[in-house]
Structures are given as C-alpha cells and as structure tokens.
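Asker: Have a look at this one.
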Amino acid sequence: MRRPSALDREDDEGPHGYSRALPPGAFGRGVRKPRVRPLKASVDGPLKYRLLQRIVKKHEEQLNQCYRQGLDEDPNVGGKMVVKFVIGQDGRSDIETSIGNQTVDLCMTKVIGGWKFPKLRGDANVTVLYPFDLMN
C-alpha cells in the first residue's frame, strides 16, 4: 500500500507548504499598471517630431492619470485613441479626442491644452494626429 504524499493533497498548497497559485508579479515584474503608450504621430507643419516626442514624454504620467480616472468610472475603457491638436503661432493648441469616454476625453483635453509648445515662425499652424494605446 502506497503512503499518501504531499502531492496528493487536495488543497491549494504545494508539496513544500507553498501555494501553487502564484500572485501577479511573483517573478519580479510586479503588477502592471494601466498606462497610455504613445504611438507614431503625424505632424503637418513646422514642428520637429523629436520636440513633440519630448513634450509628450514629459507629460506621460498626466496622460496615465487621465486613463486611470476613466478606468475608475468604466473598467472596459481602453484601446486606441487618436488625439488631434492644432498648434497655433502662439504655441497654444486646440484639441479633439476620440476614446468615447467623457472622463478620459475631458481630462486629456485639459492636460494637452496645458502643454507649452514653442512659438511658430511664419504664419503656419501645426496639425498633429497623435495615436495612443490605452493599455489595461
């Protein structure tokens, strides 16, 4: 007759007393936070793409906070979002967003509207289509 071993146990405890189920991040990755990942933007006008990237990177945490606020309201919000903004000669911008969640749209509009862009030379405006991936 075979002796029962620790492997025969019916609870969730493994043979050495450890749980068989590992919590998220058990191997050092940690729990992933919802975040907004900038994708490749389209820039039409006299603004260098690298400068735009630096400005977005500088304010990335603000965008993440907008997304988290939207998730508090609707846990299903996410996916690809395109933000269109037109930068005037004074460096101010007019913004349109497209995620369809009022909390995220209003927050992103407010955040991006507060970004400072350099004053433009000449009489041209800059139109930017900036896609973001809202990852949960």
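Asker: In Å, the Kirkwood hydrodynamic radius of the range 33-135 over pairs of distinct alpha carbons?
Answerer: Answer for the range 33-135: a Kirkwood hydrodynamic radius of 13.8 Å.
Asker: Per 0.36 nm of contour for each residue apart, how much would the distance between K116 and S98 grow if the chain were fully extended, relative to their Cα-Cα spacing?
Answerer: 4.3 nm is the gain from fully extending K116 to S98.
Asker: Which distance in nm do the two modelled labels at A41 and T127 give, with both placed 7 Å along the Cα-to-Cβ direction?
Answerer: It works out to 1.6 nm between the two label points.
Asker: Expected output is a single nm value to one decimal: the length gained when fully extending between K80 and K58, i.e. 0.36 nm times separation in residues minus the C-alpha distance. What is it?
Answerer: Stretched out fully, the K80 to K58 stretch lengthens by 5.9 nm.
Asker: Sticking with this one: Exactly which trypsin sites (Lys or Arg not before Pro) in the range 56-136 are in a DSSP loop and have at most 14 other Cβ atoms within 10 Å?
Answerer: Those satisfying the criteria are K116, K119, R121.
Only the coordinates and a few stated rules stand behind these numbers; no lab work does. Bear in mind that the values here come from a model prediction, so they are computed numbers and not experimental data. Cβ sites come from the backbone with ideal geometry, for glycine too, and all protein chains shown count toward neighbours.
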